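In what follows, a structure is listed as structure tokens, so that the remarks can point back to it.
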Amino acid sequence: MKEDTVRKAKLLEVGEIFIPKEIDMPCFASRSTAGPDAGSGAHAFEFGSARVKLSVTKDPEARVRLEQSPGGFSILLDGEPLVEGVRVLPLVAHAPNQAFLNIGQECIMGCAFCAMPGPGAEHAEPLSAERALKIISINASHPSFSAVAITSGIPESVSATNDSIIDMVRTIRAHYPAIPIGAEAYIEDPDDILRFREAGATEIKINIETWPSELFRKLCPGRDRVRTLAALEKAVEVFGRGHVTCNLIVGMGETDRDVADGLKALAELGVVPNVRAIRIGPLNRAKLEKALGAVPGKVTAERLLALGEQHRKILEKNGLDTGTFETMCFSCRCCDIVPMADL
């Protein structure tokens with residue numbers, strides 16, 4: 001196993017980094033409204049072949065710390081050097097190589113692990129097509145820019161939100177005819193999947209979140225697991241194998257056998273799952289405790305690496321590869337152990 005991957009797993013286990021004020025950062029922190037670091041500032045780092053995105057903490061006693069010397073940046077873990085020759089990656093818009101845009105910053109679905117606020121919370125206005133095009137145009141000149149991805153919370157209904165995402169995809173496609181576009185969406189009406197493809201999306205993400213059905217009921221009370229699996233199967237028919245993905249979050253009470261069962265079932269459908277460790281913060285801690293009866297602990301580096309090895313083998317057995325994706329998480333490679341890239 002690559003040493004860079006082992007170091008990355010240790011950083012993902014901690015999930016946050018302290019950056020002293022005297023450090024001259026080459027770019028601003030990103031403040032995400034979706035994803036594992038939602039609600040907090042974050043920086044992305046690259047060392048060797050590994051990328052990792054960490055939330056920024058104000059705690060000077062944090063386990064992970066950034067240091068700067070005339071030779072560049074290094075990362076310390078528990079006071080000891082972990083990685084040298086670290087490069088701080090500019091975040092194009094949430095991700096280092098793409099504009100990953102969240103068009104709606106509140107959600108009625110009530111998933112316990114999610115850090116997105118519910119209805120009525122103070123939040124930014126929905127992202128307009130005009131604003132999205134401006135963000136993309138600003139970032140399109142960056143050398144690393146290569147893709148666009150669109151996601152959203154569900155402020156009113158799944159159908160209305162999908163209409164908005166599809167309209168956004170269609171608008172972006174009209175202005176950028178060759179750029180890969182990924183869409184992350186809830187699906188209730190299978191016909192929406194074809195609408196995403198016809199609008200110009202090249203990849204789609206439909207999250208199953210957790211494999212055990214009893215956990216899904218606890219964690220996603222507003223969603224239908226059977227309908228989600230059917231949507232994933234339909235998405236493979238429309239977009240093709242190697243162009244459909246989903247999050248499979250770990251660390252919420254499932255066993256390694258549960259994860260393996262989910263990986264196998266999804267891969268057999270032609271879906272490439274994305275294994276993601278739960279990140280716990282002020283916006284989801286109470287919800288997780290209410291749903292599960294306790295706040296989950298951190299997912300260890302050892303478990304992330306073991307699941308990553310198993311994940312890679314399952315994908316290989318089914319003729320799938322994370323390298324077929326040009327948008328969203330497999331292209332970013334910052335928040336998870338990515339088979340075929342890290343392992």
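All but one of (1) outside any loop (DSSP other than H, G, I, E, B); (2) within 23 Å of VAL338 (Cβ to Cβ) hold for PRO96; which doesn't?
Looking at each condition in turn, PRO96 falls short on (1).
For (1) part of a loop (DSSP other than H, G, I, E, B); (2) without any contact (Cβ under 8 Å) to a residue 12 or more places away in the chain; (3) surrounded by fewer than 22 Cβ atoms within 10 Å (Cβ to Cβ), each residue gets a yes or a no:
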site: ALA44; (1), (2), (3): no, no, no
site: VAL52; (1), (2), (3): no, no, no
site: PRO60; (1), (2), (3): yes, no, yes
site: PHE73; (1), (2), (3): no, no, yes
site: VAL88; (1), (2), (3): no, no, yes
site: PHE100; (1), (2), (3): no, no, no
site: GLU106; (1), (2), (3): yes, no, yes
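Quick one: which of LYS234, LYS313, LYS290 is surrounded by fewer than 21 Cβ atoms within 10 Å (Cβ to Cβ), in contact with a Pro (Cβ under 7 Å, 6 or more places away or on another chain) and among the basic types (Lys, Arg)? Walk me through how you get there before you give the answer.
Working: LYS313 fails: in contact with a Pro (Cβ under 7 Å, 6 or more places away or on another chain); LYS290 fails: in contact with a Pro (Cβ under 7 Å, 6 or more places away or on another chain).
Testing whether each residue is surrounded by fewer than 21 Cβ atoms within 10 Å (Cβ to Cβ), in contact with a Pro (Cβ under 7 Å, 6 or more places away or on another chain) and among the basic types (Lys, Arg) leaves just LYS234.
Take ALA121 and decide whether it is small (Gly, Ala, Ser), modelled with pLDDT of 90 or more and over 22 Å from the mean Cα position of the chain (by Cα).
Details: small (Gly, Ala, Ser): yes; modelled with pLDDT of 90 or more: no; over 22 Å from the mean Cα position of the chain (by Cα): yes.
No; evaluated as a whole, the condition is false for this residue.
Here's the yes/no breakdown for (1) modelled with pLDDT under 95; (2) buried (at least 19 other Cβ atoms within 10 Å of the Cβ); (3) not acidic (Asp, Glu):
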residue: ARG241; (1), (2), (3): no, no, yes
residue: VAL244; (1), (2), (3): no, yes, yes
residue: LYS264; (1), (2), (3): no, no, yes
residue: GLY270; (1), (2), (3): no, yes, yes
residue: ARG279; (1), (2), (3): yes, yes, yes
residue: VAL299; (1), (2), (3): no, yes, yes
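Go through ILE166, ILE150 for me and flag whichever is in contact (Cβ under 8 Å) with a residue 24 or more places away in the chain and surrounded by fewer than 23 Cβ atoms within 10 Å (Cβ to Cβ). I'd like the intermediate steps shown before the answer.
Working: ILE150 fails: surrounded by fewer than 23 Cβ atoms within 10 Å (Cβ to Cβ).
The conditions single out ILE166.
Which condition breaks for PHE196 when tested against (1) surrounded by 21 or more Cβ atoms within 10 Å (Cβ to Cβ); (2) modelled with pLDDT under 95?
(2)
The values are calculated or read from the model by the stated rules, or taken from the named source; none is laboratory data. Treat the numbers as computed from the prediction; the structure is a model and nothing was measured. So basically every Cβ, Gly included, is an ideal-geometry build from the backbone, and we count neighbours across all protein chains shown.
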